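Data block below; observations after.
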Amino acid sequence: MENSFRMSLFMPPISPIKDKATGRIVKNATLTPLRTVELNEVYKLVTANAKLAALTLDVRNAVQQGDDSVCRLLKQQTLPYVTPCGVFTRRRSDCIEETSGLVVVDVDHLESNEEAKKLRQLLFEDPYLHPALVFISPTGKGVKAFVPCAPGQSATDGIRWAMSYVHCMYDTDHRNSGKGVDTSGKDLVRSCFLCHDPEALIRTEKDEL
């Protein structure tokens, strides 16, 4: 498998930043991408970018302190993100320039980082998903998997299939709202926060042999 899947990289914030006292917007959400990146570039950012490592540590410190609101704000306001389904001129589904051939599955709110690490390996080794890239989420208690679409399968159908498959095979214990597979977005412009994971797994040509 050639790791040339292309997608858009966006800088934060993913949503507007508001002044706490007045409620006025002090910084608008980023709607246009910084640049187009290939999958191997995403892998390098996730595994080796020092600034992203520091930002991830801030998020995980908030998690350890049990401050969900700070954790959520830090993710939204400080972390870069990509659109795994393809390249966009603007963060809207009707502004896609090219599809990547990938969809993203996001599993949230696992019990521990150890559980997330185990799931990362299980998803990567799954012969039906055959993900191109898998890494631990910003909180340290979730997993993000970039899954190739089947030949002739649309990205929208691919997202639905991948989400349903992961839920059925790995996620049946998580039935509470907010737990397990995140099904909040199934459109082409579904975004994925990047974070530091030095043990992220990427599919290489050698893996195909």
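Mind grabbing the base-10 log of I(q)/I(0) for region 101-205 at q = 0.11, 0.22 Å⁻¹? Debye formula, identical points on the C-alpha positions, no solvent, two decimal places. Result of the Debye calculation: -0.29, -1.25.
In region 121-135, which residues have a backbone nitrogen under 19 Å from the label point lying 7 Å from SER184's Cα in the Cα-to-Cβ direction? The answer is 135. Spatially close Lys pairs in region 6-204, defined by Cα atoms under 22 Å apart and a spacing of eight or more places or different chains, total 28. Neighbour counts of other Cβ atoms within 10 Å put LEU34, LEU110 in the fewest-to-most order LEU34, LEU110.
Between ILE136, CYS95, LEU119, the Cα set farthest toward the positive side of the dipole of the chain (charges on each charged residue's Cβ, about the Cα centre) is that of CYS95. Semi-axis lengths, largest first, of the ellipsoid equivalent to region 6-204 are 24, 21, 16 Å, with √(5λ) applied to each eigenvalue of the Cα gyration tensor.
Computed from the coordinates by the stated procedures, all read-outs in this text should not be read as laboratory data. Computed from a predicted structure; not experimentally measured. Note that we place each Cβ from the backbone using ideal geometry, even for glycine, and neighbour counts take in every protein chain shown.
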